[in-house]
Structures are given as structure tokens and as C-alpha cells.
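What follows is calculated from the coordinates using simple rules that are stated; it is not laboratory data. Everything quoted here is computed from the prediction, not taken from an experiment. We place every Cβ from the backbone using ideal geometry, glycine too, and count neighbours over all the protein chains shown.
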Amino acid sequence: MPDHYYSEHPQSKRITETIKTTLKGQSFTFTTSSGVFSRKGIDFGTKLLIENFKPPQLQGDLLDLGCGFGPIGVSLAHFYQERNIVMVDINERAVELAKLNVNENNITNALVKQSDGFNKLSNNTFASIITNPPIRAGKKVIYNLFKKSKYHLLDGGELWLVIQKKQGAPSAITYLTANFTEVETIVRKKGYYVIRAKK
């Protein structure tokens with residue numbers, strides 16, 4: 001299998017760097033590396049998702065599904081300190097970096113673990129699941145993640161995701177509408193859609 005950011009054991013030479021960024025007015029520092037998604041900086045779609053996400057009134061943990069080096073989980077843990085954040089990724093290198101970035105940003109309410117989707121989360125349920133899905137893994141993979149998300153949400157819980165129009169946002173909305181009670185496009189910007197699907 002080619003070495004992708006969703007590979008379990010990346011084989012690419014490890015080249016690390018430190019990036020500083022501001023999310024919703026707050027400064028964060030992240031260590032990134034080759035072999036993970038968007039290692040040069042936080043991509044536009046992820047930023048748009050972070051800036052527009054709001055947790056539901058429902059009490060419960062939040063899940064950063066496919067956390068990469070951790071920008072979604074770390075920032076949401078900072079902004080919603082009353083919540084516990086679970087961060088998972090299949091990529092062992094991403095998991096190492098996410099753990100490092102949790103510590104570097106003094107986050108105390110986040111847990112990072114390696115998991116292929118929901119494989120290590122069999123009994124966990126969440127108030128919200130937040131994801132920038134691995135589009136390159138293919139529609140079958142990401143739709144399966146959407147489907148499984150429903151079963152890992154509490155009643156009234158929400159799946160939040162970002163996806164580009166050219167990468168299938170309209171068809172994703174159609175799929176979600178058939179599987180969730182309520183689907184809303186929260187924002188559209190530069191071809192990116194932030195979508196909220198409620199169970």
C-alpha cells in the first residue's frame with residue numbers, strides 16, 4: 001500500500017517542524033512531521049471547521065475523528081474546557097504528534113489514542129464527532145465513517161465535518177440526509193462546506 005497520511009505505519013523519512021498559528025484569537029504551537037496530513041500548516045478547511053463548530057446543549061464528550069497532529073482536538077479542548085475530548089487517528093506518527101501537541105499547549109482534558117476509525121471506541125458515545133475526513137481514502141471509507149458516527153453519537157448528538165464541493169460535498173449531504181434526522185450546511189467558503197448532521 002502506498003504511504004498516505006492515513007497509513008497506519010508511515011514509512012516516509014521523519015522531517016519535523018514547529019508551526020505557530022492563531023485559531024479563534026488564541027495562539028497555539030504545533031509540532032508536525034512528514035507522513036501526516038497538512039504538515040506545513042493547518043489547512044483552510046480545518047480552520048473553517050474549528051472556527052464554526054459549536055457543541056450541542058447535550059452533555060457529553062467530543063471526538064476528534066482522524067485527528068492528525070491535533071489542531072481540532074487541541075483547540076476544542078482549549079475552548080471547551082468543561083468537555084473531555086477524545087482524539088483518534090489510524091496513523092501512529094500522527095498519534096505521537098497529537099500527544100506531544102496536547103502537552104505543548106497545556107491541554108489537560110484530552111485523550112489521544114490510535115484507532116482505525118471507531119475500532120478502539122466500541123463502547124464510547126459522544127455529544128459531537130468532529131472530522132475533516134480522509135477524502136483520498138475514497139468515498140466508501142468516508143461514508144462508512146459517517147454511518148458509524150451515527151451509532152457513536154448520543155441521541156441528539158451531532159456529526160460536524162468539512163468537505164470541498166469538488167471532493168463531493170453535495171453527494172455527502174445527500175448521504176447524510178438519508179441517515180441523520182437533520183442536516184445543515186453551516187457555512188460555505190472558498191468551495192468548502194462545513195456540515196452539521198444531527199442524530
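For region 111-160, what is the relative contact order in percent, using Cα pairs closer than 8 Å and at least 6 residues apart in sequence?
Numbers: 39 pairs, mean separation 23.6, N = 50.
Relative CO of region 111-160 lands at 47 percent.
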**Report entry** Entries in Lys148/Lys198; Lys139/Lys165; Lys148/Lys190; Lys54/Lys190 that, when Cα-Cα distance is taken, lie over 25 Å
**Finding:** Lys148/Lys190
Query - Phi to ³J(HN,Hα) by Karplus 6.51 cos²θ - 1.76 cosθ + 1.60 over region 49-56, Hz, x for Gly, Pro - result: 5, 4, 5, 9, 5, 9, x, x
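Among Val112, Val86, rank each residue by its count of other Cβ atoms within 10 Å, from fewest to most, as a rough exposure measure. The partial results should precede the final answer.
Numbers: Val112 26, Val86 21.
In order of increasing Cβ crowding within 10 Å: Val86, Val112.
Which whole-number percent is the relative contact order of the chain (Cα, under 8 Å, 6+ apart)? Can you show the working numbers first?
On the way: 400 pairs, mean separation 36.8, N = 199.
This gives 18 percent for the chain.
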Report summary line: In the chain the DSSP beta bridges are antiparallel at a rate, in percent to nearest 5, of 55
Query raised in the report: Taking the simple approach of a point 7 Å from Cα along Cα-to-Cβ for both Glu184 and Lys147, what is their distance in nm?
Result: 2.8
Query raised in the report: What is the set of long-range amide H partners of Val86 at a cut-off below 5 Å, with H atoms built 1.01 Å from backbone N?
Result: Leu62, Leu63, Asp64, Leu111
Requested in this report: Over region 16-198, consider all pairs of different Cα atoms and compute the Kirkwood hydrodynamic radius from their mean reciprocal separation; express it in Å, one decimal.
Outcome: 16.2
Query - In nm, spacing of pseudo-spin labels at Asn124 and Thr29 (7 Å Cα→C-beta vector) - result: 2.7
Query raised in the report: Around Leu23, which amide H atoms from residues at least 5 apart in sequence, or from another chain, sit under 5 Å from its own amide H, with H modelled in the peptide plane?
Result: Phe28
**Report entry** region 80-188: Cα Rg divided by the 2.2 N^0.38 Å rule of thumb
**Finding:** 1.12
Query raised in the report: Once every DSSP H run of n ≥ 4 in the chain is given -39500 (n - 2.57) and the sum is divided by its residues, what mean residue ellipticity at 222 nm do you get, rounded to the nearest 500 deg cm²/dmol?
Result: -8500 deg cm²/dmol
Query raised in the report: To the nearest 20 debye, what is the magnitude of the charge dipole of region 16-198 about its Cα centre, counting +1 on the Cβ of each Lys and Arg and -1 on the Cβ of each Asp and Glu?
Result: 660
Query - For region 183-195, 3J(HN,Hα) per residue [Karplus equation, 6.51 cos²θ - 1.76 cosθ + 1.60, θ = phi - 60°, Hz, x = Gly/Pro] - result: 10, 9, 8, 6, 7, 10, 7, 6, x, 9, 10, 9, 10
Query raised in the report: Measuring from centroid to centroid over Cα atoms, what is the spacing of region 33-100 and region 105-130 in Å?
Result: 10
Requested in this report: Project the alpha carbons of region 73-113 onto their principal axes and report the range along each, largest first, in whole Å.
Outcome: 28, 17, 12
Query raised in the report: Taking the Cα centre of region 16-198 as the origin and placing charges on Cβ (Lys, Arg +1; Asp, Glu -1), which of Gly60, Val194, Thr22 is farthest toward the positive end of the dipole?
Result: Val194
